[in-house]
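Each remark here refers to the structure printed beneath this line.
The values are calculated or read from the model by the stated rules, or taken from the named source; none is laboratory data. Every value quoted in this text rests on a predicted model; they were computed, and no experiment measured them. Glycine gets a Cβ as well: all are built from the backbone with ideal geometry, and neighbour counts include every protein chain shown.
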Amino acid sequence: MTLIAAEGIDLRYGARRVLHGVSLRIERGEIVTVVGPNGSGKSSLLRCLIGAERPSSGRILRAAGLRLGYVPQKLHIDATLPITARRFLDLPQRVPEAEAAAALEEAGAPGLGGLQMAALSGGQFQRVLLARAILGRPDLLLLDEPTQGLDQAGTSGFYRRLAAIRDRLGCAVLLVSHDLHVVMSASDRVVCLNGHVCCEGTPAVVSAAPAWRELFGTGTAGALALYRHEHDHEDHVAHHHPVAGAE
Amino acid sequence: MILDAFLWRAGLAGLGVALAAALLGCFVVWRRMAYFGDATAHAAILGVALSLAGGVLPPLGILVVAGLMAVLITVLAERGLGTDTILGVLAHGALGVGLFAAAVLPGPRVNLESWLFGDVLTVTWRDLGLIWAGTAVVGLVLWRHWGMLLTATLSPDLARAAGMDPRRATLLLSLLLAALVAVGIQVVGALLVTALLVIPAASARGLARTPEGMAGIAAGIGALSAVGGLGLAILADAGVGPSTVTAAALLFAIVTATTRLRGR
């Protein structure tokens, strides 16, 4: 069942065309990652999907009554606004104590409820954002660069957590990432974006596509070699990864 | 000591305005709208001049002109034009135009001092009713839409994703600001309304752990400033508006100093 679909959307900021002719379809239950270089319109695409940006042409179709859970890349809380993590979970709607505690646990931030949001580390803050997003029982969870600042082990752990959340809620997950390595091993589908959709498909298909190599082949040679290695040898029990220079 | 009726009215008027201003002021501080408050309040002078020339009750004229100013700023801000510079132009331009209009428009002579600095001792029972009606409206609207306003203040994108329109929050707060100016101008005057918005909220920041806590403490500090200010005005034989703001500033200094000392 299609939850949300973008059909040929264009987005302009003044004279600059950030997105052109982007079409995308998200089905229930899948984990889709959008990858692309800096300035390729990844965050803008996500913001179009949540309705924060209005595409200059094309359209966005949503399943009736679709509930979105959004985890922004950054959230600046003004220093004049005191708010505990627990109170933050009550936005936009109050939630019972037990549910709040369970959501923090599931997002990997147990026991942080009493702390001020301003006192949380980057990783803790991100997990509280995730906890808030899943409290709304979303049909579609959208995350903008959620693994930024996490090391590779942290990133893999985060993807495992997302998969568990997806399994429990039966939702779809759409995320933006530049961490190519983990993306390739943890997503059901990868969309490679650079203003337009360059290529799209399962990780194996995408990493073999010429457009993908053109985009990532030079700068991230080490990382690319790494997942080529993984995809070529998926049945291997033990992986002896080469040390990747671009990590 | 038996207080005269006019003192009771002055005290109650100050209390009503201070409470509404303190609650609304939290959003003004969180959203960095202090200049916005100034522009809206200064536009009130033009509202006064126009109402007196047109034979309308001043609060009505103020509400309309300040409301138009608030909407204008909201629209400009949404187009990315709500910079400090443009707000500065609007805030001081509105004051200049208002003073100019007060001088040249026909109608009864405008007593500028009472509109600029407030004249709470002349508040009638009808004025008092109007002030508390305004306070009730501000309080009720904030209470009713608190979750939406807070979400949109923290992040317009989170509000969007939850199916809310953050522009509604901005517009609602602007209109409440205009309503507060319309009822508050008689108490503290157009030049000092922003002080009642900002100072109690700023004082409450260091004492609160949640947004609601901050709003509650700000309301308490606002109420204390209103009562203390009236006392100060009687003692020192000074204007009530300036005395109220002086009391608020003193409270801010005391709270900030003690929380800093305890924090270090």
Please work out if A:Leu81 is touching a residue at least 24 places away in the same chain (Cβ under 8 Å), farther than 17 Å from A:Leu162 by Cβ and assigned to a loop (DSSP other than H, G, I, E, B). no
The one condition A:Asp188 fails out of (1) in contact (Cβ under 8 Å) with a residue 60 or more places away in the chain; (2) at positive phi is (2)
Checked segment B:203-224 for anything under 26 Å from A:Pro92 (Cβ atoms) and of a type in the set (A, V, I, L, M); matches are B:Ala204, B:Leu207, B:Ala208, B:Met214, B:Ala215, B:Ile217, B:Ala218, B:Ala219
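Within segment A:88-99, work out how many residues are within 14 Å of chain B (Cβ to nearest Cβ) and within 14 Å of A:Arg137 (Cα to Cα). Walk me through it before giving the result.
Narrowing segment A:88-99 to residues within 14 Å of chain B (Cβ to nearest Cβ): A:88-95.
Right, trim to within 14 Å of A:Arg137 (Cα to Cα) and you get A:89-95.
Residues flagged as within 14 Å of chain B (Cβ to nearest Cβ) and within 14 Å of A:Arg137 (Cα to Cα) within segment A:88-99 amount to 7.
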Report whether or not A:Leu115 is within 14 Å of another protein chain (Cβ to nearest Cβ), within 21 Å of the chain's Cα centre (by Cα) and either at pLDDT 95 or above or surrounded by fewer than 21 Cβ atoms within 10 Å (Cβ to Cβ) (or both). no
Kindly check whether there is at least one residue in segment A:48-60 that is in contact (Cβ under 8 Å) with a residue 12 or more places away in the chain and either touching a His at 6+ places or on another chain (Cβ under 6 Å) or closer than 22 Å to A:Ser207 by Cα (or both). no
Scanning segment B:192-214 for residues that are closer than 20 Å to B:Leu251 by Cβ and not in a helix (DSSP H, G or I), the one farthest from the other protein chains (Cβ to nearest Cβ) turns out to be B:Leu192
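Just one of A:Glu145, A:Glu105 is among the acidic types (Asp, Glu) and under 16 Å from the mean Cα position of the chain (by Cα); which is it?
On the way: A:Glu105 fails: under 16 Å from the mean Cα position of the chain (by Cα).
None of the others qualify; the one that does is A:Glu145.
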Can you tell me which of (1) touching a helix residue (DSSP H, G or I) at 6+ places or on another chain (Cβ under 6 Å); (2) touching a residue at least 40 places away in the same chain (Cβ under 8 Å) is the one B:Thr151 doesn't meet? (2)
Residues in segment B:148-170: is at least one more than 14 Å from every other protein chain (Cβ to nearest Cβ) and in a helix (DSSP H, G or I)? yes
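Given the criterion over 15 Å from the mean Cα position of the chain (by Cα), at pLDDT 90 or above and part of a helix (DSSP H, G or I), identify the matching residue among B:Leu121, B:Leu128, B:Leu142. Reasoning before the result, please.
Details: B:Leu121 fails: at pLDDT 90 or above; B:Leu142 fails: over 15 Å from the mean Cα position of the chain (by Cα).
Going through B:Leu121, B:Leu128, B:Leu142 in turn, the sole match is B:Leu128.
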Hey, can you tell me all the residues within segment B:215-230 that are free of Cβ contacts under 8 Å to residues at least 24 places away in the same chain and either in a loop (DSSP other than H, G, I, E, B) or within 14 Å of another protein chain (Cβ to nearest Cβ) (or both)? B:Gly216, B:Ile217
Tell me which residues, restricted to segment A:151-182, are part of a loop (DSSP other than H, G, I, E, B) and either closer than 20 Å to A:Lys74 by Cα or of a type in the set (Ser, Thr, Tyr) (or both). A:Asp151, A:Ser177, A:His178, A:Asp179
Any helices (runs of 4 or more DSSP H) falling wholly within segment A:84-150 and containing at least 3 residues that are among the small types (Gly, Ala, Ser): A:97-106, A:122-135
Qualifying residues in segment B:25-76 (those that are in a helix (DSSP H, G or I) and within 14 Å of chain A (Cβ to nearest Cβ)) - the one surrounded by the fewest Cβ atoms within 10 Å (Cβ to Cβ): B:Ala34
So which residues in segment B:109-136 are among the hydrophobic types (A, V, I, L, M, F, W, C) and surrounded by fewer than 16 Cβ atoms within 10 Å (Cβ to Cβ)? B:Trp125, B:Ala133, B:Ala136
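If I filter segment A:186-218 down to residues being outside any strand (DSSP E or B) and under 18 Å from A:Gln148 (Cβ atoms), which single residue comes out as modelled with the highest pLDDT? Even if it seems obvious, please write down each step before you answer.
Taking segment A:186-218 first, the residues outside any strand (DSSP E or B) are A:186-188, A:195, A:202-218.
Filter again for under 18 Å from A:Gln148 (Cβ atoms), leaving A:186-187, A:216.
Values: A:Ala186: 79, A:Ser187: 88, A:Phe216: 74.
Only one residue fits best here, namely A:Ser187.
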For the list (1) assigned to a helix (DSSP H, G or I); (2) out of contact with any Leu (no Cβ under 6 Å at 6 or more places or on another chain); (3) farther than 29 Å from A:Phe88 by Cα, I need the number of the one condition that B:Ala238 fails. (1)
Of the residues that sit in segment A:44-75 and are surrounded by fewer than 18 Cβ atoms within 10 Å (Cβ to Cβ) and either of a type in the set (Ser, Thr, Tyr) or closer than 14 Å to A:Asp10 by Cβ (or both), which one is nearest to the other protein chains (Cβ to nearest Cβ)? A:Arg54
